[in-house]
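**Student:** One structure follows; several queries about it will come next.
The values are calculated or read from the model by the stated rules, or taken from the named source; none is laboratory data. The model shown is predicted, which means the values in this text are computed figures rather than measured ones. Cβ: placed from backbone, ideal geometry, glycine included. Neighbour counts: every protein chain shown. The protein model used for the area step is the full one, side chains on, heavy atoms only, and it has no ligands, DNA or RNA in it. Shrake-Rupley method; radii C 1.70, N 1.55, O 1.52, S 1.80 Å.
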Amino acid sequence: DDEFVAHRLGLIPLISTDVNNFRYSRDCECEDGCIFCMVEFVLEICNNGTEPMVVTQRDLINVTAEPMDDNQPHDYMKQLMRCKGVEPYSEESTLSGAHSSEYDDEHKAQLPASDQNIILVKLGPNQRLKFRARATKGIGKE
């Protein structure tokens, strides 16, 4: 089951207008990931109801670490803000995009909100899902 969730996570596009400011993890000087080569997300959700619950990309929360103190270099703080700007794909995140056309806007308006989500899993009653995920810049072969 873990592999299923990991695969579904890997299919979620992440939106960032500053992707060129991130390093490929293979080119980064850090050893275990830093704000210059990765973004961290968490998901913690529990179905306390009696009906199945759908877990989508909207449930992911960007938890990229805050600086230890306010005396960090300017480049570090700028990169931290870039990390905080990375979000899972949703219709809202692309509505302000430059590649939106009149047809796309009409089509989006016709879709119910549930069709605009990317489903990760469906949780049954009393089931829980909790994980931490790292997103790195790369291509599908890495």
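**Student:** Can you pull out the residues in segment 123-137 that are surrounded by 12 or more Cβ atoms within 10 Å (Cβ to Cβ) and under 20 Å from Pro13 (Cα atoms)?
**Tutor:** Phe131, Ala133, Arg134, Ala135, Thr136, Lys137
**Student:** Still on this structure, please answer the following. Restricting to segment 83-97, give me the number of residues that are open to solvent by less than 50 Å² (accessible area, probe 1.4 Å), modelled with pLDDT of 75 or more and in a helix (DSSP H, G or I).
**Tutor:** 1
**Student:** Another question, then. Going through segment 30-69 one residue at a time, which ones are open to solvent by 90 Å² or more (accessible area, probe 1.4 Å), modelled with pLDDT of 90 or more and part of a loop (DSSP other than H, G, I, E, B)?
**Tutor:** Across segment 30-69, the qualifying residues are Asn48, Thr50, Glu51, Pro52.
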